[in-house]
Each structure stands twice: as structure tokens, then as C-alpha cells.
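All remarks here apply to the structure that follows.
The values are calculated or read from the model by the stated rules, or taken from the named source; none is laboratory data. A quick note: this is a predicted structure, and the numbers were derived from the prediction, not measured. Here the Cβ positions follow ideal geometry from the backbone for every residue, glycine too, while neighbour counts run over all protein chains shown. SASA here: full protein model, heavy atoms, side chains in, ligands and nucleic acids out. Shrake-Rupley method; radii C 1.70, N 1.55, O 1.52, S 1.80 Å.
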Amino acid sequence: MQSPSHNLNSVMSRLHARQLRLLIAVAEHGSLLAAADRVGLTQPGASKALKELESTLNAPLFLRTNRGLVPTEAGTCAVRFARLIQSDIAHLQQELNAIASGAGGRIAVGTIMGAVPLLTRALSQLLEKQPDISVEIVEDTSASLLTLIDQGRLDAAICRSSVSPKPHLYDTALVKDESLAVVAHRAHPAAGLPSITLQDLSSSRWVVYRAHMPMRRTLEREFFEENLFFPTHLIETTSALATLSLLSHNANLVALVSDDVADYVCQHGLVARLPLQLKSRSEPYELISRRNAHRHPALELLIDALLAPQPENAGSP
């Protein structure tokens, strides 16, 4: 594969929207003829446009095989970004239409698992004030959410800037100190006890975040301070749904979650909170956006709702 040599300005000046549409169509159909028909080009025109695109990107994008045209590694990368560009243009059109019609536009917000109840409460308040707003919610790890902020895919996220090597790139505001709870199936042996210790859960299997994530580090610190070996044979996930589904199907599993998540799932009878008093506190949630980035008015309202003091019964969604 050739090494990229064109700078950004050169690539941008030579890229055309129809080339990107053709790129996506070739990847979907595996046929230049079908792709040409899809975007309204003749086959010679499509062949020329594809060659021009490969010249612009300085890399072969497809291989001819007995299964048709198959994307190269560079082609797969180019198709992915072509789809992102197409999606962004679609969102631009949606926002312009919303503005023209007097509607509220669109915002994209990220959240880590523990802050989901907090975000949904704030969004409910926002939707009362801006009923026509469209909202995209992305749940992921802090590291992934910061990457999406860097790429302009998210307007803001409730996560932690401490996982970034360049936290100075962001505007941050403290949202809430996170307290933690251990939850399990309602039939877990410890669920009916008045109190337990971490050692009482040594035979349980833990559902945890991946290594080096803040909540995982908190749990590791708890075990270290109790002079206990950290559990092996872990189940690692960043998905709240996967965590709850696992707990509901296996009475020997336990998981560390935020108090907000524990309040929500326990009130709905999905799992039980175990009577374990943790000594450590997790890192606080932050509301994070790109430094000095323009903020949609609806995002400002959402921020106000997130940073406003919560009533004592705010744990009840």
C-alpha cells in the first residue's frame, strides 16, 4: 500500500460528494456497474471517479475478486469515514429544517453507565422546555466518549477527563460526586443479610469494567485495602443492559455500580443491593465539552438541569 502523501487541503479540494456516494455504493454492492446505477453515473464515469478518488487518497480502495469488488484495508477505512460524512450532512439538513420550521434542532450527548439516571432526569426536564428537540444519547466509557467529543460527534458528555492524556483540551464542570453500591440477583446468598464484608463476596463472580477504568480501579483498591486478592475469572463489560441481564440470570454474580443506577434497578425489582459498606469513593462525574466550542441553546438548558441541585428523592426516576 502506498503511503499517504497529500495534505488535508489537497484532499479536501479534490474530494466530491458523488465520489463518496460511489465509494459507499461499491462497498455495499460489490459491483461497479450496480454502484454506478445507484449514484446515476455511467460505468466508465464511475470507473473514472473511483480512480480519481484512489489518486486523491493515494491508496487502492478495492480488490477485484471472484466475489466482486472487495474493500482493501484503506478502502474499509475510507468507506467508514464516507458514511460519517454522509451522516453529518444528513444531520446538518435535519437541523436546518428544524431551524427553518421553528423546531428545536438536535444535540448529541454521551454518558458513562453510572450517570445514565442522572442524564435521563435532566433530559426529561429539557424535553418539557424544548419538546421539538431531537437528542442522540451515546453510552460508553469515558475514553470512548472523549474521542467522540474530539471528533465533533458529541456536543458534550457526562464522564471523566482524568482518563485523557490531554485534559486541558476540554471545558469541564463538576456534576456530582459518585457513590457506589454492590448489586446482585435477589436470590444471592448475601442479599438477605444485615451486613457483609468484601471477604463474604470472595466466592462470587464479579461483573466489572475493563482494567484501568475509574470504577474498576476503585474496586481493586477496595480489595487491596482489605488485604484480599482481586477476583479472577471476571466478566468485563461497559454495558448497563449486559450487566443487569447477567445478574438477573445468575444468582452468584455481583457487580459494582453507581448509587443512581442501584437505586433505579432496585426500585424496579431487577436486582438487590447488597449490604456492603464501601470505603472508597469513585471519581466525580464531569460535564465535558470541547474547549471554547459553540453550544446549542438546548445544550445550555440541559447543562443547567444537570448542574441544578437535585431534590432528596431524585433517585426515583
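In this structure the amide hydrogen of S134, modeled in the peptide plane, comes within under 5 Å of the amide hydrogens of G105, R106, I107, none closer than 5 places in sequence on its chain. The apolar share of the surface of segment 117-196, taken as the fraction of accessible area on carbon and sulfur atoms (1.4 Å probe, ligands and nucleic acids excluded), comes to 49 percent. Backbone N atoms of segment 145-169 closer than 15 Å to the 7 Å Cα→Cβ label point of N292 belong to residues 168-169. Restricting the calculation to alpha carbons of the chain gives Rg and Dmax of 24.5, 77 angstrom.
Solvent-accessible area assigned to carbon and sulfur over segment 32-93 amounts to 58 percent, based on a 1.4 Å probe. Excluding Q277 itself, calculate the net charge of residues whose Cβ lies under 14 Å from the Cβ of Q277, where each Lys or Arg counts +1 and each Asp or Glu counts -1. Net charge in that neighbourhood comes out at -2.
May I ask for the angle, rounded to the nearest 10°, between helix 240-249 and the longest principal axis of the chain, with both axes built from Cα atoms and the value confined to 0 to 90°? Compared with the principal axis, the helix lies near 50 degrees. Taking the longest Cα principal axis of the chain as reference, the axis of helix 73-100 is set at about 80 degrees.
Relative to the longest principal axis of the Cα atoms of the chain, the long axis of helix 116-129 lies at roughly 70 degrees.
Net charge of the neighbourhood of S55, taken over other residues with C-beta under 11 Å away and scored Lys/Arg +1, Asp/Glu -1, is +1. Its Cα gyration tensor gives segment 131-268 an equivalent ellipsoid; the semi-axes, largest first and in whole Å, are 30, 19, 13.
Within straight-line reach of K176, meaning a Cα separation under 29 Å, sit the following lysines at least 8 residues removed in sequence or on another chain: K129, K166, K279. Which net charge results for the neighbourhood of V138, defined as the other residues with beta-carbon distances under 12 angstrom from its beta-carbon, given Lys and Arg at +1 and Asp and Glu at -1? That sum, taken over residues with Cβ under 12 Å, equals -3.
Annotation: for a label point projected 7 angstrom from Cα along Cα→Cβ of V70, residues of segment 23-43 with backbone N closer than 14 Å are 30-31. The chymotrypsin sites (Phe, Trp or Tyr not before Pro) found in segment 198-238 that occupy coil by DSSP, while having at most 13 further C-beta atoms within 10 Å, are F229. Available extension along the chain between K279 and H29 is 84.3 nm, counting 0.36 nm per residue and deducting the alpha carbon span. Accessible surface for segment 169-209, divided over its residues, is 49 Å² per residue with a 1.4 Å probe.
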